[in-house]
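Taking it in order: structure first as structure tokens, then the write-up.
The values are calculated or read from the model by the stated rules, or taken from the named source; none is laboratory data. Predicted model only: the values in this text are computed from it and were never measured. When we count neighbours, we look across all protein chains shown, and the Cβ atoms used for this are built from the backbone with ideal geometry, even at glycine. Keep in mind that these areas ignore ligands, DNA and RNA; they rest on the heavy atoms of the full protein, side chains included. Shrake-Rupley method; radii C 1.70, N 1.55, O 1.52, S 1.80 Å.
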Amino acid sequence: MINAAVIGVSGFGVTHLNDLFREHEAGRLNFTAAVIHQNQVSPENLERIKALNVEIFTDYPSMFAKLAGKIDICCIPTGIALHRPMTEAALAAGANVFVEKPVAPTVADAEAMEAAARKAGKFVAVGYQHIYQPETRRIKELLLSGKLGKALRLKCYALWPRKNAYYGRNGWAGALFAPNGDPILDSPFTNAVAHYLNLLLFYAGNTFEDTADVKSVEAGMYRVNPITSCDTANMRILTRDGKEILFYASHAVPQTEGPISCIECEKGIINYTSKETVITDLEGNEIERFASAESLALRLNIWEHIRNRIADPDSFICTVKLAAKAALVSNAVFDSAPIVDLPASLIDINVDAEGSILRVIRPMEELIKRCYSENRLITKADFPYAAETTPFDVENYKGFTGALYR
């Protein structure tokens, strides 16, 4: 039986905690240990943890010191800057790791995590949850089959409004750096909607285990919230084999829409959302349609992949190597595109009945949707505060330097 542990049970850690409750109660693993910081678990969940005889620790070094060699999989749903040190500690203690997305702030962090996994002879599964779903496998296999010809353009937009509480929920939300100067690089495209950028990169890979071979990145970033990172961005990624990837995301919009995604191929088009995938020929005739996994199935499918990987080292997971390409892109975006602070004249401030504040960039929703449909980035022809964008070559790029912010 698999022995599982978790570090942190607040925030998104509650989702991991519920996964472990479910998998334990279904007899698919033993939930053996948890690191719980003071006042960061509900009384109900704490009682449930205790009822399962889960061993509770207040820090992760103590847990690994006592249970080294006794944990098969350790969940790490913690702040971005903690992913690398916690993953390295878990691997050194003989545990495989399931770490939340993004894998780490920087490419250098990801490379260190991958090296630690090789040294330990263990795996690290990254929590880009949509990559583990059957519809994702079906789309990737269809692209690799050649039935639709070569993929030419892959694009997505996600408009996910976030109120001030989103940025106040912890000490790192919306931050570029930790207080000690270490990179965090939180943003819509590295965190909330990072799944969908990662999928575009995955679909652009030329084998099932491969991801996009990125040639250059061009981006614009914007900010209206009182944060140090951006709340809105658009980017163009070019691959060495001629594919174009377009991605648009904003938390400063009035309503939720998306992810809306499309893959344009030589012989057909794949349109997919969180609900379904529709594949047509170039004349619009439907070839195939299938549903996306729903919320509970998303988590069940992830854990099936993790259990399979523990049993079979060749079973598919989102490896650090796969996830590191999203880190490369985000590092290049932050190193090449300064964040534009937009003036108050463009901002609507909406206050709900509870006093929560949503800052909205007035033209952004329409701009993103128009640029998505026209396959281009936001320019000064769209509005005068648009970022000046130029392609950033990543051929010899080693990862985040922070030169624009030092």
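In summary, the aspartates and glutamates within cross-link reach of Lys119, defined as a Cα separation below 17 angstrom excluding same-chain residues under 8 places away, comprise Asp72, Glu88, Asp109, Glu111. Anisotropy class assigned to the stretch 122-218 is prolate, per the alpha carbon gyration tensor with a/c at or over the 1.5 cut-off and a/b larger than b/c.
Ligands, DNA and RNA are left out, and with a 1.4 angstrom probe the accessible area of the stretch 248-391 is 47 Å² per residue. Per the Debye calculation on the stretch 1-147 with a single equal scatterer at every Cα and no solvent contribution, log₁₀ I(q)/I(0) for q = 0.14, 0.18, 0.19 Å⁻¹ amounts to -0.68, -1.04, -1.14. In this structure Tyr157 has an accessible area near 20 Å², from a 1.4 Å probe over the protein heavy atoms.
How far, in nm, would the chain grow between Thr280 and Ser42 when pulled straight, counting 0.36 nm per residue and subtracting the alpha carbon separation?
Values: separation 238, 0.36 × 238 = 85.68 nm, distance 4.77 nm.
Stretched fully, the Thr280-Ser42 segment lengthens by 80.9 nm.
In the chain, taking the dipole from charged Cβ atoms about the Cα centre, the farthest positive-side position among Thr232, Ala192, Val99 is held by Val99. Placing +1 on the Cβ of every Lys and Arg and -1 on the Cβ of every Asp and Glu, with no other charges, gives the stretch 211-312 a dipole of roughly 480 debye about its Cα centre.
Sorted by accessible area (1.4 Å probe), largest first, how do Arg289, Arg28 line up?
Sorted by accessible area, descending: Arg289, Arg28.
Note on Lys321: accessible area is roughly 140 Å² with a 1.4 Å probe, heavy atoms of protein only. Starting from the Cα gyration tensor of the stretch 294-361, take the square roots of the eigenvalues, sort them a ≥ b ≥ c, and report rounded, prolate or oblate (rounded when a/c is under 1.5, otherwise prolate if a/b is larger than b/c, else oblate). In terms of gyration-tensor shape, oblate. Available extension along the chain between Phe316 and Ile287 is 7.7 nm, counting 0.36 nm per residue and deducting the alpha carbon span. Residue-wise HN-Hα couplings along the stretch 95-102, as the Karplus relation 6.51 cos²θ - 1.76 cosθ + 1.60 with θ = phi - 60° gives them from phi, are 9, 6, 10, 10, 9, 5, 7, x Hz; Gly and Pro carry x. Counting pairwise Cα distances across the stretch 244-334, what percent come out greater than 15 angstrom? For the stretch 244-334, the share of Cα pairs beyond 15 Å comes to 75 percent. In the complete set of protein chains, residue-level accessible area for Val351 is approximately 90 Å², probe 1.4 angstrom.
Listed values for the stretch 219-227 are Karplus-derived 3J(HN,Hα) couplings in whole Hz (6.51 cos²θ - 1.76 cosθ + 1.60, θ = phi - 60°), namely 8, x, 10, 9, 8, 10, 8, x, 10, and x replaces Gly and Pro. Remark: for residue pairs Lys101/Lys275; Lys147/Lys275; Lys163/Lys243; Lys267/Lys398; Lys122/Lys325; Lys101/Lys215, the C-alpha separation exceeds 25 Å in Lys163/Lys243; Lys267/Lys398. Evaluated at q = 0.21, 0.22, 0.26 Å⁻¹, the base-10 log of the normalised Debye intensity for the stretch 56-121, with identical point scatterers placed on the Cα atoms, takes the values -0.81, -0.88, -1.18.
Between Arg169 and Ile347, the modelled label-to-label distance comes to 2.1 nm, taking each label 7 Å out from Cα in the direction of the beta carbon.
Would you rank Glu100, Glu388 by solvent-accessible area, highest first, keeping every protein chain in place and using a 1.4 Å probe?
Values: Glu100 15, Glu388 145 Å².
So the residues, ranked largest to smallest area, are Glu388, Glu100.
Approximating the spin labels as points 7 Å out from Cα along Cα→Cβ, the Asn18-to-Leu296 distance works out to 1.1 nm.
Placing pseudo-labels 7 Å out from each Cα toward the beta carbon at Glu304 and Asn53 gives an inter-label distance of 3.1 nm. Per-residue extension of 0.36 nm, minus the Cα-Cα distance of Thr207 and Glu354, leaves a gain of 48.0 nm for this segment.
Over all distinct Cα-Cα pairs of the stretch 226-383, the Kirkwood formula returns a hydrodynamic radius of 19.2 Å.
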